[in-house]
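The values are calculated or read from the model by the stated rules, or taken from the named source; none is laboratory data. On a predicted model such as this, the values are computed, not experimentally measured, just so you know. Counting neighbours? That spans all protein chains shown, and the Cβs are built from the backbone with ideal geometry, glycine included. Accessible surface is based on the protein model in full, side chains and every heavy atom, while ligands, DNA and RNA are left aside. Shrake-Rupley method; radii C 1.70, N 1.55, O 1.52, S 1.80 Å.
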Amino acid sequence: MPGALAEILYLVAAVCFIIGLKRLSSPGTAVHGNRLSAVGMLMAMVVTLVDRGIVTYSVIAAGLVVGSALGLWMARAVKMTAMPQMVALLNGFGGGASLLVGGAEFLKSELIGQNLGLDTSITIQLSLLIGAVTLTGSIVAFAKLQELLPGRPITFPGLQVLNATIFLAIVALSIYQVATPESLLWPFYAVCALALLLGVLLVIPIGGADMPVVISLLNSYSGIAAAMTGFVIRNDVLIISGALVGSSGIILSQIMCRAMNRSLTNVLFGAFGGGGGAAVTSGKSAEGLTVRQVSAEDAAVQLGYARSVIVVPGYGLAVAQAQHLVRELADQIEKRGGEVKYAIHPVAGRMPGHMNVLLAEANVPYEKLFDMDAVNGEFDRADVALVIGANDVVNPAARTDSGSPIYGMPILNADHARSVIVLKRGMGSGFAGIENELFYNPRTAMLFGDAKASLGKLVTELKALA
Ligand code: NAP
């Protein structure tokens, strides 16, 4: 293939990525954006393989068939709740690929006695470091989320100092490698081994529930590693796509941290969030306060006569896999003349867009989903705020209790509604591990039980209402 044609096709692929990414920012255009990016990726892959003449056409075709079949299987077989693990694994593959390409280029130059030049030598070292950290860090993240490793932070005294020492050793070895005229193998292998170890040590002290932020950060690393590899092999489309992944991953990590009112440093080094269990770390205790329970029958009557209901979905809804029943319940309320809206907090659930994806699975129309800023003013006029498996994202302590770990986090104003019905199994805490005074509010009624069972009962009772 003529070089100029390859460059033009690379440019077209890069444009597909950029437009695709832009279209991914809205649910209505996301599917198209995804397809456009996939077309760009296919184009980039085929051009690279054909242009370089690395392998035969039959091998290219076989790779495409096997890769596509695997991708199709994963897309269908992996459950929505297991998506973070899958993304972690894919990030790891990306990092691993950069490590392999960077390493192969280094070893090739060693074999043929080629002088790499300062710029290529530096980018190779960066590919090795970032690629290796991404590979093992992502594998640990995957293992934590898949419960192959304990989800709680695993830490020991001196871990931060050890990490800093390893990092400095890698930097020193890399500088030595780049500055030494003849390529030496031992610093190369030492950098790879230390960077692989660093990836493990950086991620084990992070609580399982903080993994989404870490995964987004590792995603960014995999992009930066790919961009570095692009410089190594002088491939423009790899540089552009790597830079896009790198920057969007960092932006997403920042958005998540801001919505949790935590700094990235606190997420990475705070050993926060074992997830679940009894409420322990609150600045306030619930001593002396009582909760009011409600039966499914009474809750159904309240919902049946409500004119305006705002559903607040949370992590528990995803655990219970009750999204289809929420849709059924909303249909019943609407049939009786009520209006139903869904209030989506940016960090509800355990990954960005978790609730949007969950509700989309049950064909809840996009226009009924409202971001926090758009819906918060409406709670004052709502008859019922129906909180399903959500906890931290409706915790008023974020506004009032300066001692609370979530103080300052923007929350959904469920407590402003005329009445609140909360569906959860018991008095278990959420991700932040703290009490929620909303549950003790006189206007709040608790419907205890698994969200799927409770919603099932509510639907049956509503259908039976005259
Ligand atoms: P949450 O605060 O974690 O609370 C979830 C609640 O669901 C629990 O209190 C639990 O109470 C209940 N629950 C669990 N299983 C249930 C079931 N089967 N049926 C009914 N209820 C069930 O959830 P959230 O309000 O969605 O808040 C998300 C939290 O995750 C925030 O603190 C956020 O900062 C954090 N986080 C989010 C992201 C993200 O990207 N979305 C990333 C990292 C961290 P019971 O045990 O009593 O049932």
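A compact table of results
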quantity: Debye, to nearest 20: dipole size of region 311-441, +1 on Lys, Arg Cβ, -1 on Asp, Glu Cβ; calculated: 280 debye
quantity: Pairwise Cα inverse-distance average, inverted: Kirkwood Rh of region 79-281 (Å); calculated: 17.5 Å
quantity: Separation of the Arg76 and Gln146 label points, Cα + 7 Å toward Cβ, nm; calculated: 2.1 nm
quantity: Solvent-accessible area, 1.4 Å probe, carbon plus sulfur percent, for the chain; calculated: 66 percent
quantity: All aspartates and glutamates inside 16 Å of Lys79 as judged from Cα atoms, apart from same-chain residues fewer than 8 positions distant; calculated: Glu147, Glu361
quantity: Viscosity 0.890 mPa s, 25 °C: Kirkwood-radius Stokes-Einstein D of the chain over Cα pairs, µm²/s; calculated: 100 µm²/s
quantity: Sequence-separation-based contact order of region 1-77, relative, with Cα cut under 8 Å and 6+ spacing, percent; calculated: 29 percent
quantity: Percent of Cα pairs exceeding the 27 Å cut-off, where the set is region 291-414; calculated: 15 percent
quantity: Relative contact order (%) - region 328-397, alpha-carbon pairs under 8 angstrom, separation at least six; calculated: 32 percent
quantity: Which of Val340, Ile170, Leu194, positive extreme of dipole for the chain (C-beta unit charges); calculated: Val340
quantity: Candidates per trypsin sites (Lys or Arg not before Pro) in region 1-99, loop by DSSP, up to 16 other Cβ within 10 Å; calculated: Lys79
quantity: Solvent-accessible area per residue for the chain (1.4 angstrom probe, square angstrom); calculated: 46 Å²
quantity: Candidate lysines for bridging to Lys341, where Cα separation is under 22 Å - those fewer than 8 sequence places away on the same chain excluded; calculated: Lys368, Lys424, Lys452, Lys457, Lys463
quantity: Among 336-344, 120-128, the order from most to least packed when residues are scored by Cβ within 10 Å on average; calculated: 120-128, 336-344
quantity: Percent RCO, i.e. relative contact order, over the chain, from Cα pairs under 8 Å lying at least 6 residues apart; calculated: 14 percent
quantity: Proximal charge balance of Phe17 [Cβ under 14 Å; K/R count +1, D/E count -1]; calculated: +2
quantity: Net dipole in debye of region 354-427 [+1 Lys, Arg Cβ; -1 Asp, Glu Cβ; about Cα centre; nearest 20]; calculated: 260 debye
quantity: Point-charge dipole on Cβ atoms (K/R +1, D/E -1) for the chain, about Cα centre, debye to 20; calculated: 580 debye
quantity: Charge dipole of the chain about the Cα centre (unit charges at C-beta), most positive-ward option of His416, Val59, Ala225; calculated: His416
quantity: Farthest toward positive dipole pole in the chain [+1 Lys/Arg, -1 Asp/Glu at C-beta], among Leu24, Phe93, Ala69; calculated: Ala69
quantity: Helical contribution to [θ] at 222 nm, DSSP H n ≥ 4, -39,500 (n - 2.57), averaged over the chain, rounded to 500; calculated: -19500 deg cm²/dmol
